[in-house]
Each structure stands twice: as structure tokens, then as C-alpha cells.
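Trainee: Structure provided below as C-alpha cells; questions to follow.
The values are calculated or read from the model by the stated rules, or taken from the named source; none is laboratory data. Predicted model, so just to flag it, every value in this text is computed and none were measured. Note: ideal-geometry Cβ built from the backbone for every residue, glycine included; neighbour counts use all protein chains shown.
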Amino acid sequence: MTTRQSVDKLLQHCEDTVRFAKGQLSESRKQEHYNLSEYTEAQQGLENAYKELEEFSHSANAQQREQLYRMRLQVQNLQNEMILEDR
């Protein structure tokens, strides 16, 4: 069973990762030449967050699974946006 505190900590980490990735995506849309290493770092952070969310959902209760699922959708949507933006 996953504790509430560990789920909250993971969700906060994922929110921080999403915020960083959105910032990188925004910067890449403003400039033709953007910092590729930070953009790639943001994409890797999203992938790691997705995997962690997936792992946690296996031992979570129903309410926690719902929270984790919603965050996973956010992460996945942002991953897709970044892939489509990547030229």
C-alpha cells in the first residue's frame, strides 16, 4: 500500500517536472534556436515521471490511482506536444 505522503510527494515532483517542461516548450516556440540540452532534459524528466506514476499506481488505493492517472495523462499529453514540436 502506497502512503498518502509518498503519493503527494510524487505528484508534487511531477507538477514541478511538468512546469519545467512547459517552460521549455514555450521557449522553443518563441525561438528557432533553443537550448536543445534543456529541452531534451525536460523530455527525459517527463518520461521518468510517467514511469514513476505507473509504478506507484500498482500499489495505490482507488483514490490514489485516480490522482496518479490524471497526472499521467497530463504528462503524456505534454510529452506528445513536445514530440510534435521537436523539429
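Trainee: Quick one: count up the residues across the stretch 5-16 that are more than 14 Å from the chain's Cα centre (by Cα), surrounded by fewer than 13 Cβ atoms within 10 Å (Cβ to Cβ) and either in a loop (DSSP other than H, G, I, E, B) or not polar (S, T, N, Q) (or both). Don't jump to the end; show me each part of the working.
Mentor: Let us first name the residues in the stretch 5-16 that are more than 14 Å from the chain's Cα centre (by Cα), namely 5-8.
Adding the requirement that they be surrounded by fewer than 13 Cβ atoms within 10 Å (Cβ to Cβ) leaves 5, 8.
Checking which are either in a loop (DSSP other than H, G, I, E, B) or not polar (S, T, N, Q) (or both) leaves us with 8.
Residues that pass the stated criteria total 1.
Trainee: Within the stretch 56-74, is even one residue among the hydroxyl-bearing types (Ser, Thr, Tyr) and touching a Leu at 6+ places or on another chain (Cβ under 7 Å)?
Mentor: Keep residues of the stretch 56-74 that are among the hydroxyl-bearing types (Ser, Thr, Tyr), which gives 57, 59, 69.
Within this subset, residues satisfying the condition of being touching a Leu at 6+ places or on another chain (Cβ under 7 Å) are 57.
Looking for residues that are among the hydroxyl-bearing types (Ser, Thr, Tyr) and touching a Leu at 6+ places or on another chain (Cβ under 7 Å), one finds at least one in the stretch 56-74, hence yes.
Trainee: Which condition from (1) out of contact with any Ser or Thr (no Cβ under 6 Å at 6 or more places or on another chain); (2) outside any helix (DSSP H, G or I) is the one that SER59 breaks?
Mentor: All conditions pass for SER59, except number (1).
Trainee: Look through the stretch 17-64, keep the residues that are closer than 17 Å to ASN80 by Cα and among the hydroxyl-bearing types (Ser, Thr, Tyr), and return whichever of them is surrounded by the fewest Cβ atoms within 10 Å (Cβ to Cβ).
Mentor: SER26
Trainee: Being touching a helix residue (DSSP H, G or I) at 6+ places or on another chain (Cβ under 6 Å) and either on the phi > 0 side of the Ramachandran plot or of a type in the set (S, T, N, Q) (or both) narrows it down to one residue among GLN5, GLN44, GLN64; which is it? Step through it out loud before you land on a result.
Mentor: On the way: GLN5 fails: touching a helix residue (DSSP H, G or I) at 6+ places or on another chain (Cβ under 6 Å); GLN44 fails: touching a helix residue (DSSP H, G or I) at 6+ places or on another chain (Cβ under 6 Å).
Within the list GLN5, GLN44, GLN64, the selection yields GLN64.
Trainee: For the stretch 29-49, check the following and say yes or no: at least one residue is among the small types (Gly, Ala, Ser) and modelled with pLDDT under 90.
Mentor: yes
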